[in-house]
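Trainee: One structure is given below, represented as structure tokens, and several questions about it will come after.
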Amino acid sequence: MKNQTKATLSHTLLYCVFVMISIIALFPIFYIILASFRSDAEIFKYALPFSVKTIVPVDWTFDNYRIIFTEFKFGTPLLNTFIVVGILVPINILVASIAGYAFAFYQFKGKNALFSIFIVSFMVPTDSIALPLYSFVNQLGLVDSYWGLILPSVSSGLAMFLFTQFFRGIPKNFLEAARIDGANLRQTFTKIVIPLSTPVVITAALMIFVTEWNNYLWPLLVTRSPDVRTIQVALAYFKDENETFWSYIYAAASISAIVPVLLFLPLQKYFVQGVTSSGLKG
């Protein structure tokens with residue numbers, strides 16, 4: 001009985017700790033979302049001393065969302081970001097899956113060295129190559145264009161690594177059986193390998209989507225006009241010379257944050273499967 005009581009108390013304490021950690025982690029998100037429904041005056045009025053009114057709006061308003069779309073034209077950077085990630089995700093998946101297929105199932109000269117280069121590539125911080133990359137894109141005349149945002153990110157070393165590791169876990173007997181049945185390289189890839197790879201496809205797609213959706217430095221460097229800005233860059237323009245419009249920033253940040261969350265929640269099962277399989281096999 002004593003052991004059972006100790007186990008119950010231990011589990012209860014553990015759950016309480018997890019709940020506290022979750023509250024601390026989620027508090028900034030809830031605060032930003034709730035603050036997006038109040039005015040700047042109310043935000044500063046109830047900031048101190050800390051109370052329920054500091055978090056929960058007293059006078060709820062939807063004007064912040066209306067104003068960011070009507071006066072600040074927030075729909076344009078939102079659409080631009082969807083266009084960029086909508087192009088980059090399928091291209092990255094195609095390139096990474098083909099590269100992973102080659103690394104997993106074929107032997108060729110320089111394979112290990114080339115694979116090592118790909119591994120190192122996603123460990124290099126973007127900040128360290130931003131300026132030479134900008135100079136190259138500028139020479140191509142792609143600054144302040146969609147292609148300037150897209151082309152430097154058409155290949156992801158991390159996605160290639162995930163596909164390679166996942167494909168190595170697929171029995172080669174499947175491919176040999178397909179070849180015996182007369183399937184060519186393209187048919188083996190599209191009808192055997194890819195259908196078995198749903199978890200890693202979704203995992204890589206989510207990673208690429210979130211990375212590009214939250215990308216700030218490169219879009220800041222390569223875009224100049226409001227017509228091409230992405231959502232993260234647009235967040236920095238909710239101010240003028242004398243004032244920062246915090247309520248508008250909170251509204252725009254809420255939209256920026258909730259889109260990846262809504263995408264991730266229904267796909268998290270596949271995401272976990274993809275990460276687990278890619279990380280443990282091979």
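Trainee: Please determine whether any residue of segment 204-225 is touching a residue at least 24 places away in the same chain (Cβ under 8 Å) and more than 28 Å from residue 152 (Cβ to Cβ).
Mentor: There is no residue in segment 204-225 that is touching a residue at least 24 places away in the same chain (Cβ under 8 Å) and more than 28 Å from residue 152 (Cβ to Cβ).
Trainee: Can you tell me which residues in segment 117-136 are over 19 Å from the mean Cα position of the chain (by Cα) and either in a loop (DSSP other than H, G, I, E, B) or modelled with pLDDT of 85 or more (or both)?
Mentor: Across segment 117-136, the qualifying residues are 129, 130, 131, 132, 133, 134, 135, 136.
Trainee: Which one of the conditions (1) in contact (Cβ under 8 Å) with a residue 12 or more places away in the chain; (2) loosely packed, with under 13 Cβ neighbours inside 10 Å does residue 190 fail to meet, given that it meets all the rest?
Mentor: So the condition that residue 190 fails would be (1).
Trainee: Oh, and also: Of the residues 93, 43, which is in a helix (DSSP H, G or I), surrounded by 11 or more Cβ atoms within 10 Å (Cβ to Cβ), not assigned by TED's automatic domain parsing to the domain that holds residue 165 and not acidic (Asp, Glu)?
Mentor: 43 is the lone residue from the list that is in a helix (DSSP H, G or I), surrounded by 11 or more Cβ atoms within 10 Å (Cβ to Cβ), not assigned by TED's automatic domain parsing to the domain that holds residue 165 and not acidic (Asp, Glu).
Trainee: Here is a further query. Would you mention how many residues in segment 18-40 are farther than 22 Å from residue 258 by Cα and either at pLDDT below 90 or in the same structural domain as residue 253 (by TED's automatic domain parsing) (or both)?
Mentor: 1
Trainee: I'd like to verify a number: residues in segment 46-63 that are aliphatic (A, V, I, L, M) and assigned to a loop (DSSP other than H, G, I, E, B), how many?
Mentor: The total comes to 4.
Trainee: Restricting to segment 238-251, count the residues that are more than 22 Å from the chain's Cα centre (by Cα) and outside any strand (DSSP E or B).
Mentor: 9
Trainee: Look through 23, 29 and report the one residue that is within 17 Å of residue 255 (Cα to Cα), of a type in the set (Val, Ile, Thr) and under 30 Å from the mean Cα position of the chain (by Cα).
Mentor: Only one candidate qualifies: 29.
Trainee: While we're looking at this one, here's another question. Just one of (1) in contact (Cβ under 8 Å) with a residue 60 or more places away in the chain; (2) in a loop (DSSP other than H, G, I, E, B); (3) farther than 15 Å from residue 137 by Cβ trips up residue 233, so point out which.
Mentor: (2)
Trainee: Suppose the filter is in a helix (DSSP H, G or I), under 26 Å from the mean Cα position of the chain (by Cα), without any contact (Cβ under 8 Å) to a residue 40 or more places away in the chain and surrounded by 14 or more Cβ atoms within 10 Å (Cβ to Cβ); does residue 82 pass it?
Mentor: Yes; evaluated as a whole, the condition is true for this residue.
The values are calculated or read from the model by the stated rules, or taken from the named source; none is laboratory data. Source: prediction; values computed, not measured. For neighbour counting, all protein chains shown are included, and Cβ atoms are generated from backbone atoms with ideal geometry for every residue, glycine included.
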